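First the structure, in the form of structure tokens, and then the observations on it.
Rule-based calculations on the coordinates, nothing more; no lab input. All values derive from a computational prediction rather than experimental measurement. Cβ coordinates were reconstructed from backbone atoms using ideal geometry, including for glycine residues, and neighbour counts include every protein chain displayed.
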Amino acid sequence: MQECGLETHRITQNFDSAGNHPSQQLESGSSLGNRYLIQDVIGLGGMGAVYRARDLHFPNVEKLVAVKEMINQARDPLVRSTIVRNFEREANLLATLDHPGIPRIYDYFTHNERSYLILEFINGKDLEAILGETVGFIPQEKVVYWAVELCDVLHYLHSHKPEPIIFRDMKPSNVMINHHNHVILIDFGIAKPFQGSQRGTMIGTEGYSPPEQYRGEANHLADIYALGATLHHLLTKIDPRLEPPFSFGERPLRKFNPNLSVELESVVNVALQYAPQDRYQSALEMKEALLAVIKKTGMLPPKPMVKDSSSTEEQEILPLWEYACEDEIRGSPTQSSGVIYIGSYDNNMYAMKAASGDFLWKYPTDGGIVSKPLVYDGNIYFGSEDHRLHVINARLGQINWTYYTKGPIRSSPYIAEGHVFIGSDDCHLHAINTLSGRPAWKLDVGAPVRSTPIVEHEYVYFGTEDGELYCVDFSSKVRWRFKAKRAITSSPIVHNGVIYFTSMDATLYALDARTGWVIWRFRLGKASISTPCIAEGFMFTGAADGKIYCVDMRTSKEVWSFATEHQVTGSPVVYNDSLYCGSVDKYFYCLEYSTGRLKWKYRTNGAITGTPTAHDGVVFIGSNDHHLYALTA
Amino acid sequence: MKRFFEKLRGSQPSTSQEIPTRPIPKENIEIISKPPYPRLEPPQLIVGCAQSVGIQRDHNEDALFTLTTTLTGDFRNVPFGLYIVADGMGGHQHGEIASGIAIRSMAGYIIRKLYTPFLSLKPNLPEESLLEIMQEGVQDAHTAITKQVPGGVTTMTAALILGNRMTIAHVGDSRAYLISNNGRIEALTRDHSLVKRLVELGQITVDEAAIHPQRNVLYRALGQGEPFDPDINSIQIPDTGYLLLCSDGLWSVVPEAEIQSIVQKSKNPEEACQSLVDAANAAGGPDNITAILIRLYT
């Protein structure tokens, strides 16, 4: 009956197709040994079936029993008789046990190649079935109560005289919950001799057994570990058989089920220690710990998640300085040579000292500035909703030249090979000579370009509001195009020959830079206009579902996500070991980038839609509350 | 190439501060001074493969697949390569059936999904990503094995090369290695093996692992368990070097350093694979041996 959930289907088929095993089951309505009237098959395993049967020795009441059938597959007569002898010894052992959490054994007998065990019929379900049919998590109270009862059963087995009994196979499918919500441990390894020896390379580990069991050194502490593993599975719903063996330490309970109590997490952790001496030293000790959890938490509905004690309270954070513009800051600051440049919806581009926030100059345009200025060769380049690309002297804030497009500019400029590339709502990408201010070319793409272009290996990449990602060369010839389902407002980034960007179709894309082929896609909870950033093989981006995501760039699997209270439209930035990102929920967040743990957050008085910039231990962020903030990074 | 020699020169200590060192053995000088293989233009993949039943087994449960071609596009020709190694297990010949199904199913899926569309007059790319296509291919193979040969399971390591991108799908304990010309050999895959895991955790030593009764136990393989979770990742292929796919019949008996040296010394991938198989057989040949070696280009 081992791993019946996983194996059953296959092995039954195996019998059918191979045809060299006597495989026919007992028919419903047939009787076994003139005593047990077979009603139904209730399980299938590698050794045979398990039936529900009625005991005909009780003609006036319906006494139900479980009939476990084991088919002796050995051909060699000596092996066959050894198997039967082992089976009878185990059955005799089981017959001496008397505990409400252990099924009663009524009878056993062997008939030709089949042996039968007649057991107490348990009206209920095993934990694997319960796991399968539970939507969401099983309430922790339930799990803890079951765990206490399991400790009782284990204690009974481990105190057995003259020899302690080691169960060796604690796992959800071996624990039944009866109709009175009590646990009953089933499958005492009695069928194991019938399983035959395995040849060559084998497959499948138990998933719940401790490391020392594979050295053949299991004692009662192995059962403690397996109980911990079973609880881990019940509480997280993550099946350990599908994870690398002994990797529970990498999956702390509360990471997957934050509603669990810290105390319970710690009990399961202790049970799951690699080294047997670090675990609870007896089932009783573990039971005491579980009872303490019940007492301490009152097992009332779990409290709302407590803030991590190591995270700094938001009140303690004070900006180094702040600077008030006359309207919202929707765009992003740029730092260069100790000066911060930031555009505002009040139409001005501001320059201020990065160290103090002292005002240096401002330069007026005729439209809101929602992009990020670029510093190049002593000049500031930026677009404005007044349709113009402005190029002004960085030191004095005086106009150098402007370039007119036929629509508002929301894209930020990118400079390469003596040309500035910028998109406009006039549905063109413009390439302008930085010396002359004259256009080299403009490319009609049929939809506004709000995405910031990027140039890599002589190709220009940018997205459009039509949902296309373009790759064009320096002569404006389109090399390839990729169509997403919705707009690409975010700006592509390039890393090791791969283009990354997000789209309003709620996907983070990775495309081969040379060909435009999709390497992977990562589904976000909602649309995104947030430009991803990269650190140490991880990719970070925000989305309208309020989350900041961390994705493994090689496998495209989520590493962590952090939920803010509102849309994340700006882009995260990694600086040292931290990730900085604002949210429309008005908060500016600092997270540990490897884990997503909150380090601190700072509340502004308006939505944050832009991207921070960090330099010299200071991080700068604008808010819709008109202010630019400088915070200690 | 020029850059390669510049790099070499740059790493030599300058004569003004000469430090006495042991003279470089002659064979090493040969390796260092031997230029990497001639650059091919346009880029193309050069592939060799070899198989052996081994010395101690009487039948072959390994299977391999190679497909090397060039996709002719409108503006560029792109190398396309699909390479698969599978090592089956299970009684009643289930092992070889399983590895065969894995190869046919995976190769068939990738060719249908990715290669055939390129042969149409107006090539249309699949909507799914490379990772998704590989994932679906592995899932298909898994389902086919579960249905057609219950009881049989197999490892599978599949590498898809498209342009300068390599996507690897991996289940079990066959391996993919990246061998660079500077003498490094790096496993790109992680064995899904119980004993490997025990060693990683310091529970048993490498020596104990070699004789552990459960040393052949995998915790993940095609045909086993549901839901099913292969390792799939995608990397940019390096400028020069080799990709080696092999079954445990090779790596469990031939040390990595020796694999690396055989590859570097061989004239071509075909010869290298034969030498690798010979080395495994010389080391006892306890299991079926399969090797595919792909010479990478810029």
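Couple of notes before you dig in:
- Considering all C-alpha pairs of the stretch A:14-163, those separated by over 29 Å amount to 31%.
- With all pairs of different C-alpha atoms in the average, the Kirkwood value for the hydrodynamic radius of the stretch A:454-532 is 12.1 Å.
- Interchain or long-range residues, amide H under 5 Å from residue A:419's placed H: A:434
- Couplings for the stretch B:100-109, taken from phi via the Karplus curve 6.51 cos²θ - 1.76 cosθ + 1.60 with θ = phi - 60°, read x, 4, 4, 5, 5, 5, 5, 4, x, 5 Hz in order; Gly and Pro are left as x.
- Helix A:220-236 axis versus longest C-alpha principal axis of chain A: approximately 50°, rounded to the nearest ten.
- Diffusion constant of the stretch A:486-597 at 4 °C, which comes from Stokes-Einstein with the Kirkwood Cα-pair radius and 1.567 mPa s, µm²/s: 96 µm²/s
- For the stretch B:233-255, the residues whose backbone nitrogen is under 13 Å from a point 7 Å from the Cα of residue B:184, taken along Cα to Cβ, are B:238-242.
- On the principal axes of its alpha carbon atoms, the stretch A:86-136 extends 45, 28, 18 Å, with the longest extent given first.
- The Rg/Rh ratio for the protein assembly as shown, using Cα coordinates for both the radius of gyration and the Kirkwood hydrodynamic radius, is 1.03.
- Take each peptide in B:114-121, A:352-359, count the other Cβ atoms within 10 Å of every residue, and average; sorted highest first, the result is A:352-359, B:114-121.
- Compared with the direct C-alpha span, the chain from residue A:277 to residue A:64 gains 72.4 nm at full extension, assuming 0.36 nm per residue.
- Between the helical axis of A:77-95 and the longest alpha-carbon principal axis of chain A there is an angle of about 90 degrees.
- Cβ-placed point charges (K, R +1; D, E -1), dipole of the protein assembly as shown about Cα centre in debye, nearest 20: 1160 debye
- Under 5 Å, built H, 5+ apart or other chain: amide partners of residue A:450: A:465
- For the pair residue A:376 and residue A:320, a Förster radius of 35 Å applied to the C-beta separation gives a FRET efficiency near 0.80, rounded to the nearest 0.05.
- Computed P(r) (all Cα pairs; the stretch B:151-271; 5 Å bins; percent): 2, 10, 18, 20, 20, 16, 9, 4, 1
- The mean count of C-beta atoms from other chains within 10 Å of the C-beta of residues in B:192-201, rounded to a whole number, is 5.
- Equivalent ellipsoid, the stretch B:43-296 (semi-axes from 5 times Cα gyration tensor eigenvalues, Å): 28, 23, 16
- Span from the the stretch A:385-456 Cα centroid across to the the stretch A:116-135 one, whole angstrom: 68 Å
- R0 of 45 Å, Cβ-Cβ distance residue A:483-residue B:46: FRET efficiency to nearest 0.05: 0.80
- Averaged over the residues of B:211-221, the number of partner chain Cβ atoms lying within 10 Å of the residue Cβ comes to 5.
- Loop-located trypsin sites (Lys or Arg not before Pro) in the stretch B:186-233 (DSSP state other than H, G, I, E, B) with a sparse environment of at most 12 neighbouring Cβ atoms within 10 Å are absent.
- Residue-averaged beta-carbon neighbours from other chains (10 angstrom radius) around A:504-513: 2
- Under the simplified labelling scheme, the residue A:179-residue B:208 pair shows an inter-label distance of 4.9 nm, with each label point 7 Å from Cα along Cα→Cβ.
- Per residue, the protein assembly as shown reaches -6500 deg cm²/dmol at 222 nm when only DSSP H runs of four or more residues are counted, each adding -39500 (n - 2.57).
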